[in-house]
Amino acid sequence: MRVPRVAVLVGVVAVVAALPVGVPALSGATPSGDVAVADVVPEPLCTPADPVLDELSGLAVLGGRLFATPDAGDDESVVELDSECAVVQRFPSPVDPYDVEDLAAGPDGRLWLADFGDNTAVRQTIALISLDPEDGSGELHRLTYPDRAHDAEAVLVGADGVPVIVTKSLFGASGIYRPVRGRTIADLGSPGPTALEKVGSLTLGPTDTPGGPIPGGSSTLITGGAVSVDGTVAAVRTYTDVHLFRVSDGDLAGALVSGPDLRIPVPGEPQGEAVAFTEHGDLLTGSETVTVGATTVRPPITMWPGVTALLDDRAVVDDPKTGTVDEEAGTGDATVPAVVVTAGIIIVAAAAGFAGWRGFRRRDRRRRVR
């Protein structure tokens, strides 16, 4: 979801004006200070130059091949990238989607497009769309929430094939959903729908990591997810951080409900939504392109090496800027001022509402997945 720049600027003014005198903004440890910060040094991988990825929303690695998808727009193809991030192949979506927000690699050797975007929370159904990267074939699998419509940008497919959706909540905890009775991607009807069940909730942040489009809210809004090739580590990201979860006994949903074990700050991504694991256990993150004045900023896809091994090593630091080791990570007591968080949430809601209205108007004339 692209947040209008005017809304971001208004948010900056509102949040700064709301800060009480003498209270530092976004400093020190996070309120969820029991989550240790991972000690990992990022390496720029490559920078996408093709305009199709100006709104990069999802990444996936399958069979050693790197795939990416943009947010819904004029070109909703899945693209394959080479080691320099050049597009080497395009795969049109097998089904005309409504709003694809994430991309997952399934244990079945297919890519799974998360057609979950719903800024205005009006959709009767959402969908997973399968895509065979060998021949471009695929199917539509409609899904229905058990409670009400939600906006979502994160899908994770476990090693057992069970897909898990994490919603993008502006207020309070995000919901964690999976197909009823733990159905796998192989069990999903086409076109469906298959009913979802809520298995829990997840709250991330706030953190003090810089970046993202919304001051005070970027570190709490969930924008993507991924699972390691062996299924033992899951990642859920916000605009500013990637949170890692140890998956025990293949229970992906249970791992998310239990909360994260480590956090990787991803500073400087202006609108980070994409995350994936390589087959070697490295983490990849990516951001949408942004325009500031007359300057277009194209962030690189960044690799964070050896991330899956971190959950075994428990290597943490208390200050990712200096690399100072903290043997008792997460014991800080400084918190983000509540007024900053509140102001940020209000701005997030206003900005997302405006963006959702524009997106709804844009897509109203297009055939919708129902």
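The values are calculated or read from the model by the stated rules, or taken from the named source; none is laboratory data. Only a predicted model underlies this, so the values are computations on that prediction, with no experimental measurement involved. Every residue, glycine among them, receives a Cβ derived from its backbone with ideal geometry; neighbour counts consider all protein chains shown.
Structure data summary
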{"quantity": "Meets criteria (within 15 Å of the chain's Cα centre (by Cα) and over 21 Å from Ala104 (Cα atoms)) for Thr291", "calculated": "no"}
{"quantity": "Selection status of Arg263, surrounded by 21 or more Cβ atoms within 10 Å (Cβ to Cβ) and outside any loop (DSSP other than H, G, I, E, B)", "calculated": "yes"}
{"quantity": "Which listed residue, of Val87, Val95, is modelled with pLDDT under 95, among the hydrophobic types (A, V, I, L, M, F, W, C) and more than 20 Å from the chain's Cα centre (by Cα)", "calculated": "Val95"}
{"quantity": "Enumeration of residues in region 288-314 that are without any contact (Cβ under 8 Å) to a residue 60 or more places away in the chain and at positive phi", "calculated": "Gly293"}
{"quantity": "Identity of the residue in region 272-287, of a type in the set (Asp, Glu) and touching a residue at least 40 places away in the same chain (Cβ under 8 Å), that ends up surrounded by the most Cβ atoms within 10 Å (Cβ to Cβ)", "calculated": "Glu273"}
{"quantity": "Among residues of region 89-129, those that are of a type in the set (Lys, Arg) and assigned to a strand (DSSP E or B), counted", "calculated": "1"}
{"quantity": "Scope region 77-117; condition under 20 Å from Ser287 (Cα atoms) and out of contact with any strand residue (DSSP E or B) (no Cβ under 6 Å at 6 or more places or on another chain); matching residues", "calculated": "Ser83, Ala86, Asp99, Gly117"}
{"quantity": "Search result, residues across region 171-193 that are surrounded by fewer than 18 Cβ atoms within 10 Å (Cβ to Cβ) and either in contact with a helix residue (DSSP H, G or I) (Cβ under 6 Å, 6 or more places away or on another chain) or hydroxyl-bearing (Ser, Thr, Tyr) (or both)", "calculated": "Thr184, Ser190"}
{"quantity": "Single unsatisfied condition, Leu284 versus (1) within 21 Å of Ile214 (Cα to Cα); (2) in a strand (DSSP E or B); (3) not basic (Lys, Arg)", "calculated": "(1)"}
{"quantity": "Pairs, first modelled with pLDDT under 95 and among the hydroxyl-bearing types (Ser, Thr, Tyr) in region 111-138, second surrounded by fewer than 20 Cβ atoms within 10 Å (Cβ to Cβ) and not in a loop (DSSP other than H, G, I, E, B), C-beta under 9 Å, six or more apart", "calculated": "Thr120/Gly353; Thr120/Gly356; Thr120/Trp357; Thr120/Phe360"}
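For every residue, the table says whether it meets (1) touching a Phe, Trp or Tyr at 6+ places or on another chain (Cβ under 9 Å); (2) among the basic types (Lys, Arg); (3) more than 20 Å from Tyr177 (Cα to Cα).
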residue: Thr223; (1), (2), (3): yes, no, no
residue: Thr238; (1), (2), (3): no, no, no
residue: Gly268; (1), (2), (3): no, no, yes
residue: Ser287; (1), (2), (3): yes, no, yes
